[in-house]
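This report refers to the structure that appears directly beneath it.
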Amino acid sequence: MSDGKADLIFIGGRVRTPAAPSGFAQAIAIKGQLVQAVGRDEDIRDLAGARTRVIDLNGRLALPAFGDAHVHAINGGLESLRCNMLGLKTRQACLDTVAAYSADLDRAGLPLDTWVLGAGWSMEAFPGGTPTAADLDTVTGGRPAFLPNRDHHGAWVNTNALERAGIRKDTPDPGDGRIERYPDGSPTGTLHDGAMGLVARHVPPNTPSELRTGLAAALEYLHSKGIAYYQDACVGTASELGISDTFSTYTEAAANGSLTATVIGALWWDRHRGAVQVEDLLARREQASSGRFRATSVKLMLDGVCETFTAAMNAPYLDRHGQPTSHNGNYFIDPEELKTIVQRLSGDGFQLHFHALGDGAVTAGLDALGTLPAAERQSGRHHLAHLQFIAPRDRDRFRQLNAVANFQPLWAAADPQMTELTIPFVGEERATWQYLIGGLAERGARLAFGSDWPVSSGDPLQEMHVAVNRVLSHRIGRAGTPECEEPFLPEQAITVDTAIRAFTEGVAYVNHEESVTGRLEAGMRADVVVLDQDLFAIPPTDIGSTSAVLTVANGRLVHGDE
């Protein structure tokens, strides 16, 4: 029989809690998976028994652990263990990394048909923005290679991979993507969006063992950043992106206890299968309707990304001379068809999780939500992710339609991708429509933040740094150009408290868990993060130099020690 004593106690800290008039307490007691009490040191010490572990925070700040409203966890874990080019700044650095990884495959004695896999290269590292198969051929030793870029809307492949896929100068572009070509029409070695699938379908699927290893690596990484719960934005086979189905990985981990985070799975909507897949989605939700993993959301990818001109815009892109073209980007799901899909899925009780980057895609997503009964919009917690461009006419519609604005705030800074590959092709007016976090908050829209890791850093503190300062922290690194040192649309900055809430209460709301987590008070799930700096005491410019030193998820210490 329980003696009523706590399993874990933190004392001597600054505990952010609505249970205290000042907003802060000194200590917190955890019993099982729940917060037992929050209060003064002397009161919480009374809950210590012979088996209670007591940790002195030495004045450090304890917050409700962070969530992540949009992350590709297992894929990120896998990529961290493979040929990882994230953060590399030059073509040569990328080639050197691929060469070293290929050499490791040789040393391991793997056969020549073993694929070179990884991701993370950035367009600004290559002249013209896209790498070539000819370059990749020099470092892959005859092996086929498939290497998505950092945003996973483009892939670098070598000649071996092109030949396996039968991609030649007469191969047509798919309707939802593009083959980068030389003037004579032959493929250069870069594939955009749907064209990635032409090669991805030839890559051997990840084995169950590889996926389990990827999940373990992801949990270790996310917990080290203070994250205790998240929404995985793609659970299913996304052949266009080269992503394997992770549903069984999650259900098995939840069953055997190795899933230390609480996860909502956004089931992948295959834009090529149509309504026939709804029964499959319903069956999966039935299999994962309770516990640490629940498959209650559906991911609808509406468009691509701006730098490859596949983000859907309401007006045409500009050419290099600032003149309008005839191209508005790509709708991966026809806007009228989208309304029917949304009505069906929402009517079946699914939450809708949209990828909407261009202002055209944002309009299409909001228009589709506008066809739903108000009660379904209220109960669904439907959310639009990325939101790079929001047209003026749509800015009040988030609040009006109960649509959650799911931003990845790290992108709201003037890095080379923004200054060289985006702004020149959208023009000055639309450039001011980007990542309007402060504007939507002022209009009463509900915010939830995510990272989109491994597209960019999964560290909420780096994301919050940009949300508050609108410039990258020095820990992430600056590009060295004057425009990258200046805040990007500084009027769209938000407060530290608003940023914290977006990564805690906002994510909990999206995951239908606002009564369970996101706040530190008695009876809530014991999800806690302890930071090495007090975000409420340091200058906002120092947020990015802060780290998570302890993370508790579901009452269990999953990162750090005293």
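The values are calculated or read from the model by the stated rules, or taken from the named source; none is laboratory data. Because the structure is predicted, anything quoted here is derived from the model rather than measured. Reconstructed Cβ throughout: ideal geometry from the backbone, glycine too, with neighbour counts over all protein chains shown. These area figures cover heavy atoms from the full protein model, side chains too; ligands, DNA and RNA do not enter into them. Shrake-Rupley method; radii C 1.70, N 1.55, O 1.52, S 1.80 Å.
Miscellaneous remarks
- Set G380, G370, G358: member being surrounded by fewer than 19 Cβ atoms within 10 Å (Cβ to Cβ) and in contact with a helix residue (DSSP H, G or I) (Cβ under 8 Å, 6 or more places away or on another chain): G370
- All positions within the range 307-320 that are at pLDDT below 95 and open to solvent by 10 Å² or more (accessible area, probe 1.4 Å): E307, F309, R320
- Pairs where the first residue, in the range 333-360, is over 14 Å from A266 (Cβ atoms) and the second is among the hydroxyl-bearing types (S, T, Y) and open to solvent by less than 10 Å² (accessible area, probe 1.4 Å), C-beta under 9 Å, 6+ apart: L357/T310; G358/T310
- Restricting the search to helices (runs of 4 or more DSSP H) fully inside the range 434-517 and requiring at least 1 residues that are closer than 20 Å to P416 by Cα and not polar (S, T, N, Q) gives 460-469, 482-485.
- Matching option when the condition is part of a loop (DSSP other than H, G, I, E, B), open to solvent by less than 20 Å² (accessible area, probe 1.4 Å) and modelled with pLDDT of 95 or more, among T260, T249: T260
- Residues of the range 167-178 that turn out to be open to solvent by less than 50 Å² (accessible area, probe 1.4 Å) and part of a strand (DSSP E or B), as a count: 1
- Subset of the range 519-556 [open to solvent by 10 Å² or more (accessible area, probe 1.4 Å), in contact (Cβ under 8 Å) with a residue 40 or more places away in the chain and β-branched (V, I, T)]: T541, V549
- Any chance R284 is assigned to a helix (DSSP H, G or I), over 30 Å from E420 (Cα atoms), in contact with a strand residue (DSSP E or B) (Cβ under 8 Å, 6 or more places away or on another chain) and free of Cβ contacts under 8 Å to residues at least 60 places away in the same chain: yes
- Residue match in the range 225-242 (condition: open to solvent by less than 40 Å² (accessible area, probe 1.4 Å), hydrophobic (A, V, I, L, M, F, W, C) and over 17 Å from the mean Cα position of the chain (by Cα)): no
- Enumeration of residues in the range 67-81 that are at pLDDT 95 or above and open to solvent by 20 Å² or more (accessible area, probe 1.4 Å): H72
- Some residue of the range 194-215 being of a type outside the set (G, A, S) and in contact with a His (Cβ under 7 Å, 6 or more places away or on another chain): no
- The condition of being of a type in the set (K, R), more than 27 Å from F425 (Cβ to Cβ) and open to solvent by 30 Å² or more (accessible area, probe 1.4 Å) holds for only one of R181, R150, R143, R164, that being R164.
- Near pairs, Cβ below 7 angstrom, 6+ apart or cross-chain, from the range 184-202 (under 19 Å from S244 (Cα atoms)) to any residue that is in a helix (DSSP H, G or I) and open to solvent by 10 Å² or more (accessible area, probe 1.4 Å): L191/L198; L198/A165; V199/A165; H202/R164; H202/A165
- The range 503-518, subset of a type in the set (D, E) and open to solvent by 50 Å² or more (accessible area, probe 1.4 Å), residue nearest to the chain's Cα centre (by Cα): E505
- If you go through the range 251-266 and keep only what is under 27 Å from T504 (Cβ atoms) and either in contact (Cβ under 8 Å) with a residue 60 or more places away in the chain or of a type in the set (G, A, S) (or both), you end up with A253, A254, G257, S258, T260, A261, T262, V263, I264, G265, A266.
- Of R399, R320, R381, all but one fail to be over 21 Å from the mean Cα position of the chain (by Cα) and more than 30 Å from R178 (Cα to Cα); the exception is R399.
- Filter pass, T296 being part of a strand (DSSP E or B) and either at pLDDT 95 or above or not aromatic (F, W, Y) (or both): yes
Per-residue answers, yes or no, for (1) open to solvent by less than 50 Å² (accessible area, probe 1.4 Å); (2) modelled with pLDDT under 95; (3) charged (D, E, K, R):
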site: D41; (1), (2), (3): yes, no, yes
site: P64; (1), (2), (3): yes, no, no
site: N84; (1), (2), (3): no, yes, no
site: C94; (1), (2), (3): yes, no, no
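- Complete set of residues in the range 388-403 that are open to solvent by less than 20 Å² (accessible area, probe 1.4 Å) and either touching a Phe, Trp or Tyr at 6+ places or on another chain (Cβ under 7 Å) or assigned to a helix (DSSP H, G or I) (or both): Q388, F389, I390, A391, D394, F398
- For the range 285-306, a residue qualifies if it is open to solvent by 10 Å² or more (accessible area, probe 1.4 Å) and among the small types (G, A, S), and the qualifying residues are S289, S290, G291.
- Cβ pairs under 8 Å, 6+ apart, first in the range 101-122 and touching a residue at least 40 places away in the same chain (Cβ under 8 Å), second exposed (fewer than 12 other Cβ atoms within 10 Å of the Cβ): W115/P204
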